[in-house]
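No value in this document is a laboratory result; all are computed from the given coordinates. Everything numeric here is computed off the predicted structure, so don't read it as measured data. Heads up, the Cβs are rebuilt from the backbone with ideal geometry, glycines too, and the neighbour counts pull from every protein chain shown.
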Amino acid sequence: MKKTNYNYAFVFYDIGEKRVGKVFKICKKYFKHHQKSVFRGHITPSNLIALRSELLNIIQPKEDFVSIIKLMNTSSFDEETLGTNINNSEQLIL
């Protein structure tokens, strides 16, 4: 089985109020804040492992939800933004 190295990811989460600040800080270490509970950006395979480990130490699996969408590169998807687009979020050039 071939191991795939992902180098771009999106993180979406819905976390209990007591832990949301900690999860935000962890995600901010690795990604640009895109919108509310959404982060995205380039990440190395080792940092992806570290991110996952840090999140697993904070979240309560029966109460919290974290989704990590892993991509091989920024050209393998298309993005369309409807509504307010925050100027300081990362912009993709496709």
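A few points about this structure:
- Cα coordinate range in region 21-73, projected on the principal axes (Å, largest first): 32, 23, 17
- The stretch between Thr4 and Phe24, if pulled fully straight at 0.36 nm per residue, gains 4.5 nm over its current Cα-Cα span.
- Gain on full extension, evaluated as 0.36 nm per residue between Glu63 and Val38 minus their Cα-Cα distance, stands at 7.2 nm.
- Legend: ranking of residues Ser37, Ser53 from fewest to most surrounding C-beta atoms inside 10 Å; resulting order Ser53, Ser37.
- Added length on full extension, which subtracts the Cα-Cα distance from 0.36 nm per residue, Ala50 to Met72: 6.1 nm
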